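First the structure, in the form of structure tokens, and then the observations on it.
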Amino acid sequence: MRGPEDRLRAPLKRSRILHMALMGASDPSGEAEASEKKPFLLRALQITLVVSLYWVTSISMVFLNKYLLDSPSLQLDTPIFVTFYQCLVTTLLCKGVSTLAACCPGAMDFPSLRLDLRVARSILPLSVVFIGMITFNNLCLKYVGVAFYNVGRSLTTVFNVLLSYLLLKQTTSFYALLTCSSIIGGFWLGVDQEEAEGTLSWTGTLFGVLASLCVSLNAIYTKKVLPAVDGSLWRLTFYNNVNACVLFLPLLLLLGELQALRHFAQLGSAHFWGMMTLGGLFGFAIGFVTGLQIKFTSPLTHNVSGTAKACAQTVLAVLYYEETKSFLWWTSNMMVLGGSSAYTWVRGWEMRKVQEEPRPKEDEKSSMGV
């Protein structure tokens, strides 16, 4: 028979696993207790600052990548090189922060990083999916506007449901499927409205769909390979970016991007390399602020925050680029964002319901001594 201590142990284990995955630490229980003792206003201020930091970092990264990938002033047509350089900067930053954490123990919470070729080989299948994810994301952003970017790659939730059934044999509730239908409807309406306005890029839309598929596959494969990096997402980030840097090199040669760089007019510009490095810094920072937001709120709140951020990003893009959009175009965005929010809420409600359900059979067996 499970006593009170056993019942308390399960959520502690779940929070410990989450903390290890995000920060590479061993036991967050003391930190959670300390958080509960903090005054309400202090905790509210912390959450506001963390969510604001996530929004600023994520939105800034999208606009900066759009500039690097499709700016008329740069005229740089090397999307693979831009992605490669950002992976390189992320790799160096991971190693640098890890070294700093080792030199100043207790000052910051970051796992030690050491390149192990056996581990790198074991997560190579995930790294291939990771490369597809970041490459198709950037290619989608290159060919579509920032305002349409979220709709163009909005099918991640739909692919999550589809792949969960095909690969993991997990079924999805009727209400969750209903929210997916809203996302699909919003996607097709958005494509129709972009075409009506003469701004649709079928190439960019295709890259957006492929990016959504890779994001979904990345989540599935990540769960499989996390044990190889001791459950640490930072170690996984390090190995993924190391593998990506190596695998991008032959692509740069085959696609002729290194040749294009030789003729790039601003190759010696400090401004260009500064913006490229800033893009890599944002790529590293988004992993950090995502972990912070989940740590100070919850995975469910993080998803809701991401949806609200996407809405704000779309409005900012329309204002910044001085675009005029139709009522049906805005409706497509609301369908996608509303469907995504509803799916997050439905899945969270279903998970809570499963956790709160009593287990009479197990209790009866325990009381009978079986």
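Here is how the numbers come out for the structure above:
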| read-out | value |
| --- | --- |
| Test set (1) surrounded by 23 or more Cβ atoms within 10 Å (Cβ to Cβ); (2) under 18 Å from the mean Cα position of the chain (by Cα) - V144 fails condition number | (2) |
| Every residue from the stretch 209-232 that is more than 22 Å from R153 (Cα to Cα) and either open to solvent by less than 60 Å² (accessible area, probe 1.4 Å) or not in a helix (DSSP H, G or I) (or both) | V225, L226, A228, V229, D230, G231, S232 |
| Selection within the stretch 191-207 - more than 19 Å from F136 (Cα to Cα) and surrounded by 18 or more Cβ atoms within 10 Å (Cβ to Cβ) | Q193, E194 |
| Test: residue in the stretch 262-275 that is touching a residue at least 24 places away in the same chain (Cβ under 8 Å), open to solvent by less than 60 Å² (accessible area, probe 1.4 Å) and not in a helix (DSSP H, G or I) | yes |
| Evaluation of M133 against (1) open to solvent by 20 Å² or more (accessible area, probe 1.4 Å); (2) over 18 Å from K66 (Cα atoms); (3) in contact with a helix residue (DSSP H, G or I) (Cβ under 8 Å, 6 or more places away or on another chain) (one fails), failing number | (2) |
| Residue count, the stretch 319-334 (criterion: open to solvent by 90 Å² or more (accessible area, probe 1.4 Å) and within 15 Å of G198 (Cα to Cα)) | 1 |
| In the stretch 158-169, residue surrounded by the fewest Cβ atoms within 10 Å (Cβ to Cβ) [restricted to those that are closer than 16 Å to Y221 by Cα and at pLDDT 85 or above] | L166 |
| Residue ranges of helices (runs of 4 or more DSSP H) in the stretch 61-172 with at least 2 members among the polar types (S, T, N, Q) | 79-103, 124-143, 156-168 |
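The values are calculated or read from the model by the stated rules, or taken from the named source; none is laboratory data. Model, not experiment: these values are computed from the prediction. As a convention, Cβ positions derive from the backbone with ideal geometry for all residues, glycine included, and neighbour counts pool all protein chains shown. The area values use the complete protein model at the heavy-atom level, side chains included, leaving out ligands, DNA and RNA. Shrake-Rupley method; radii C 1.70, N 1.55, O 1.52, S 1.80 Å.
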